[in-house]
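The values are calculated or read from the model by the stated rules, or taken from the named source; none is laboratory data. Owing to the predicted nature of the structure, the values given are computational and were not obtained by experimental measurement. Reconstructed Cβ throughout: ideal geometry from the backbone, glycine too, with neighbour counts over all protein chains shown. For accessibility, only protein heavy atoms count, side chains too; no ligands or nucleic acids. Shrake-Rupley method; radii C 1.70, N 1.55, O 1.52, S 1.80 Å.
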Amino acid sequence: MRLSNTLSRKVEELQPLELGLVRMYSCGPTVYRYAHIGNLRTYLMADWIRRALEVQGLRVIHVKNITDVGHMRQEVLEQGEDKVIASAIAEGKTPQEIAQFYTDAFHRDEAKLGILPATYFPKATDHIQEMVQVTQSLQERGYAYEVQGNVYFAVSKFTDYGKLSGNIGGDLLEGVRVEVDLLKRDPRDFTLWKAAEPGRVLRWPSPWGDGFPGWHIECSAMSTRYLGEQLDIHTGGVDNIFPHHEGELAQSEGAFGKPFVQMWVHGQHLLADGVKMSKSAANDYTLDDLEANGFDPMAYRYLCLTVRYGTRLNFTFSALRAAQRGLQRLRNRVWEWSIAASPNASGIETQQWRQAFWDRVNGDLDMPAALALTWEMTRSDISVKSRLGLLLEFDRVLGLDLESAVQEWDVPEYVANAEKRRNTLRAQRDYSTADSVRRQLADQGFILEDSISGTRTRPKSELEKRQERWKEVSSSKEVSSLMDVSDGLEFSVGIVACNYMSDVQRCVNSLLPLGDRHPMEILVVDNGSTDGTSDWLEDKANQDSRVRVIHTDHVLGEAAAKNILLKQSLGTYVVLMDTSIEATEDFLAPLARALSDESVGIAGPWGLLSGDLRHFEEIEDGQADAIQAYCFAFRRALLSEVDLMRESFRFYRNLDLEYSFCFLDRGYRNMAVGSLPLQRHEHRVWTSLAEDEREELSQGNFRRFLKRWGHRQELLLEPGRDHNHDDHDHH
Ligand code: AMP
Ligand code: ZN
């Protein structure tokens, strides 16, 4: 088997040190949070390597460490950076209980994805002794030194440092994690053992006094304990290469004086909706999130098969939907053929297919090609028993658990009877009655599928049930633009709704009476609501033709959701409203009056003024630098000039600044229109967030705003003026 070796930067043939046995180590999960699907992609890569080796007759000892509380930094706990931990501790749970909770969740996720359990799942806290031993060896061999109970790895002593990543430690990545440590002789040196500060609970005795291990040492210690001093394969995500794996390599080769790992294999990252996954972008999806959206976890495995491990994979829900369809079709093949024949792949006709499959798998794990070949094979003219046999054989590597499709579904008796009745009707050529039986079954939640070898009835999948309710879009790209279509009404009032149903109801209901005075439409993007808001909106739209709802299949970023509104609006004036606002009377007429002045860009009741682009003061009347998103109106004709919103703004905050400046940039004036009959209620999207979340979410957007507009002070009405009311502090 050939794999891309990060160490040699080449695709190389794996040559296990011991014939027939592969020693493999995978950097495993940090268990004070759920694994996100990016982490799981990296574990899937290791699983495909392992399966491929095992199916080809090698024995694999696979170690996947669990980074539990041993390494969990007390600082992280104390700063409350991790809300989950902070709240668990507040609930009186111990760090061990938290770690156990997430360890269990991790094992469940792996099982759902068909990832084979590692031979060993060592926990860091169970191996402190081994970490101390490796550290001692390093000290004895002159690669480590002690300062006041801390032990550091002396990077300058290990001449090979940097051979894995090409990074010789110049950029001091450790400094990002921990504050710069003045006890180090060389800033590149990294911690092997750290003295426990007074009051620290998680501490262990050592020859250097009580303390706790550094970041990289756990993997050197646990790999040696279970696999010996030399490994054949070591896997992880690309972010592990430096400093983690560079550190591991230096430690293990320094301590044992032998090449540590033959083949370093790193998986490229998973992006979500085109950007890096992160908490603050709210796109660090978990497997539970996918299931909550009606997906089968195996569809995610299938999706990961479609992109090579060395290539970044952009996760989208529409790609996942396609993957689930592909998976369902493969399952259907298995079911269909297993009725007709028993699997048997021993025939001569299977040889070429098998060879081609392994060429792809062994060629640096080209799983997309292996999957494509599998599909080609299913459509080939070899016998059904060969096709079924090969499909199940290939699936030992693919891991999609296709065999489970062989089993018939357990359906209630009335369903089985209906199926028989339909068969009889069809035999009598009464197709229309037969069809009504099928429709009836569909209403009862069952799908009838015909194939060459017979008929079966299966319960609808969660995804199928969801998709029947209404159409859902996955991104703004899927929505067509009406920008070039001429005005159809006076007003398009646009709302983005995500839960907080009573707010949505209040807002929409307050707008409806205005429809008697103005030709208008109320456009709502139902942005992944899960609390019944979707149903309420759907009903409303069915009752009232002025209300139009576009449902999304997950929570889109704020700019993306608003872009859907902008693209779909048909009114002369577009009015974007927040669901915390209630109209008490006609506020549209005064807005239209303000906007009839061709020099005005955005008009709205709540404006902002700034002298420095950092502090903003709220004003209620007159010209403003920006208009707040609570209510924000402009002429639709201007859309082609200012363009849609930047979708990198996933959180709502500061998007209004950004978009206001687009109008200023085009030479328009933004106007606060005072005392409109609008009532501002609690802005629950904001008040429901914890202080640290607000900070984190706002800051990213503020940085984006400043990056683009920070040097454009001249756009401000009064540059340099000191607006000392910081009541609307945007950074
Ligand atoms: P952690 O739980 O943070 O230690 O990460 C577990 C594994 O997931 C490591 O091997 C990481 O390199 C990998 N990983 C982290 N983020 C991503 C991502 N976005 N895509 C793929 N793998 C990732
Ligand atoms: Zn590791």
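Key figures
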| quantity | calculated |
| --- | --- |
| Selection status of Gly267, at pLDDT 95 or above and within 11 Å of ligand 1 (Cβ to nearest atom) | yes |
| Matching residues, the range 428-477, being part of a helix (DSSP H, G or I) and among the acidic types (Asp, Glu) | Asp435, Asp443, Glu462, Glu464, Glu468 |
| Positions within the range 515-538 being charged (D, E, K, R), out of contact with any helix residue (DSSP H, G or I) (no Cβ under 8 Å at 6 or more places or on another chain) and at pLDDT 95 or above, in sequence order | Glu521 |
| Filter result for Gly70 (modelled with pLDDT of 90 or more and in a loop (DSSP other than H, G, I, E, B)) | no |
| Search result, residues across the range 688-718 that are in a helix (DSSP H, G or I) and open to solvent by 60 Å² or more (accessible area, probe 1.4 Å) | Glu691, Asp692, Glu695, Glu696, Gln699, Arg703, Arg704, Lys707, Arg708, Gln713, Glu714 |
| Leu537 being touching an Asp or Glu at 6+ places or on another chain (Cβ under 6 Å) and open to solvent by less than 10 Å² (accessible area, probe 1.4 Å) | yes |
| Hey, Val60 outside any loop (DSSP other than H, G, I, E, B), modelled with pLDDT of 90 or more and aliphatic (A, V, I, L, M) or not | yes |
| In the range 18-57, the residues that are touching a residue at least 40 places away in the same chain (Cβ under 8 Å) and part of a loop (DSSP other than H, G, I, E, B) | Cys27, Gly28, Pro29, Val31, Tyr32, Arg33, Tyr34, Ala35, His36, Gln56 |
| Pairs with Cβ under 7 Å, 6+ apart, first in the range 247-268 and open to solvent by 20 Å² or more (accessible area, probe 1.4 Å), second among the aromatic types (Phe, Trp, Tyr) | Glu253/Phe260; Gln268/Tyr309 |
| Subset of the range 587-613 [without any contact (Cβ under 8 Å) to a residue 40 or more places away in the chain and among the polar types (S, T, N, Q)] | Ser596 |
| Unique residue being surrounded by fewer than 20 Cβ atoms within 10 Å (Cβ to Cβ), among the polar types (S, T, N, Q), outside any loop (DSSP other than H, G, I, E, B) and outside the structural domain of Ala340 (by TED's automatic domain parsing) when the list is Ser510, Ser486, Ser480, Ser492 | Ser510 |
| Unique residue being away from ligand 1 (no atom under 16 Å from the Cβ) and aliphatic (A, V, I, L, M) when the list is Ala319, Ala281, Ala299 | Ala299 |
| Unique match (being in contact (Cβ under 8 Å) with a residue 24 or more places away in the chain and open to solvent by 30 Å² or more (accessible area, probe 1.4 Å)) among Ala340, Ala281, Ala272, Ala299 | Ala340 |
| From the options Gly236, Gly199, Gly214, residue that is within 16 Å of ligand 1 (Cβ to nearest atom) and at pLDDT below 90 | Gly214 |
| All positions within the range 42-53 that are away from ligand 1 (no atom under 16 Å from the Cβ) and closer than 26 Å to Ala221 by Cβ | Leu53 |
| Residue check, Leu565 within 30 Å of Glu718 (Cβ to Cβ) and aliphatic (A, V, I, L, M) | no |
| Residue that is closer than 30 Å to Glu413 by Cα and open to solvent by 50 Å² or more (accessible area, probe 1.4 Å), where the choices are Arg469, Arg517 | Arg469 |
